[in-house]
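This report refers to the structure that appears directly beneath it.
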Amino acid sequence: MSQEIEIGLGKKARMAYALDDVSIVPSRRTRDSQDVSTSWQVDAYEFDVPVIGAPMDSVTSPATAIAMGRLGALGVLDLEGLWTRYDDPQPLLDEIAQLPDGVATERIQEIYREPVKPELITRRLHEIRDAGVTVAGALSPQRTQQFYSTVVEAGVDLFVIRGTVVSAEHVSLGHEPLNLKKFIYDLDVPVIVGGAANYTAALHLMRTGAAGVLVGFGGGAVTATRTTIGVHAPMATAIADVAEARRDYMDESGGRYVQVIADGGMGDSGSFVKALAMGADAVMLGAPLARATEAPGGGKHWGAEARHQTLPRGSRTDVGTVGSLEQILFGPSHRADGQVNYIGALRRAMASTGYVDVKSFQRCSVVVNPYHV
């Protein structure tokens, strides 16, 4: 039963919890950490670990998408990013990393004014395809109708539609909005779509035929949506709500299972593990992977929110470098801050609660930590 509090005589609000507010409770049974499975599957594509590299220029390049694929994860390339605007984006990536804080946002806006080029979309996706890993690319809802045919013709395996807030019922007086249900029905590849942050929005997205729903608004470490437009959703509650929508949609659809993917705000391995415990099947990581030595951001991190031409809702952030991509995912770790060995942390948590795979781990017991409420 949800708890409502009275803000004032004319407004009530539901109590919601962030991942910092909850903790996992060990059960009566434990296992050896090597005896658990961390694999997950979306449609016909199976991965060794429930990790998706966020479609952000500071995180996923064609090279890091390939590296993630070889490590058993999934890297998603931003098809509106620098890699599809410039033949050689490396000098611009280096420039963004070196910009003083006071001018970074304005210069990022200038750099991203260069148009997206369909031929570069094709070239980048072919680079990933030629390496023999799963190919995934992302577009915003606004760009999907413009470029999706290019993406499909290039041979994408998974298609991601990612925005701050994505709904199945977008209304526009100025142009014909994307009909998600028709689009997904006509497309011949699985589609992951989001963000969504509540039961109703997620249920409607599931009814479009999406293979997965992103929970949250992405870009947790670099977003400023709460500061700029007042929009924010505590992730523990959001994930649990969307997981409940998935359960009800399974009953409604006769057993169709939609993947729930937590997106944003996973800056440490504890948050990553708790997102799965709250009901996520996988987690889209941004800042954690931006800390890799191979990351194209060079220790800096920014997302699509930072490049908006009239209302930037994010900024470039210094996340530093903590180790290689393989170390961040699999260790070994030589620090106790939750920034290295995410999969080792997941294995340890699953072993401590006695669950053998990620899907069963979603049933683990959690408590609300009163020190964070």
Under the rule of -39500 (n - 2.57) per DSSP H run of 4 or more residues, summed and divided by the residues of the chain, what mean residue ellipticity at 222 nm is obtained, to the nearest 500 deg cm²/dmol? -10000 deg cm²/dmol
Of the labelled options [x] 35, 25, 19; [y] 32, 23, 19; [z] 29, 25, 22, which one gives semi-axes √(5λ) of the Cα gyration tensor in Å as computed for this structure? [z]
Between segment 189-206 and segment 92-113, what is the C-alpha centre distance in whole Å? 32
Could you state the accessible area per residue of the chain in Å², with a 1.4 Å probe and every protein chain left in place? 45
Whether segment 216-373 is rounded, prolate or oblate, judged on the alpha carbon gyration tensor where a/c under 1.5 counts as rounded: oblate
Taking the Cα centre as origin and putting +1 on Lys and Arg beta-carbons and -1 on Asp and Glu beta-carbons, what dipole magnitude results for segment 67-164, to the nearest 20 debye? 340
How charged is the neighbourhood of residue 354? Take every other residue with its Cβ under 15 Å from the Cβ of residue 354, and add Lys/Arg as +1 and Asp/Glu as -1. +4
Cross-link reach list, lysines versus residue 274, counting only Cα pairs under 23 Å and skipping chain neighbours closer than eight places: 359
Percent antiparallel among DSSP beta bridges confined to the chain, rounded to 5, stands at 30
Coil-residue trypsin sites (Lys or Arg not before Pro) of segment 249-291, DSSP, other Cβ within 10 Å capped at 16: 256
Could you give the DSSP H helices of the chain that reach 15 angstrom or more along their long axis (alpha carbon positions) and whose average Kyte-Doolittle hydropathy is no lower than -0.5? 101-111, 235-253, 342-353
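Which percent of the accessible area of the chain is formed by carbon and sulfur heavy atoms (probe 1.4 angstrom)?
The nonpolar share, carbon plus sulfur, comes to 48 percent.
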Under the rule rounded for a/c under 1.5, else prolate if a/b exceeds b/c, else oblate, using alpha carbon gyration tensor axes a ≥ b ≥ c, segment 315-373 is classed as oblate
Take the alpha carbon gyration tensor of segment 26-76, find the square roots of its eigenvalues, order them as a ≥ b ≥ c, and report rounded if a/c is under 1.5; if not, report prolate when a/b exceeds b/c, else oblate. prolate
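The values are calculated or read from the model by the stated rules, or taken from the named source; none is laboratory data. Fair warning: this is a prediction, and the values are worked out from it, not measured in the lab. Don't worry about glycine lacking a Cβ; one is built from the backbone with ideal geometry, like all the others, and counts go over all protein chains shown. For accessibility, only protein heavy atoms count, side chains too; no ligands or nucleic acids. Shrake-Rupley method; radii C 1.70, N 1.55, O 1.52, S 1.80 Å.
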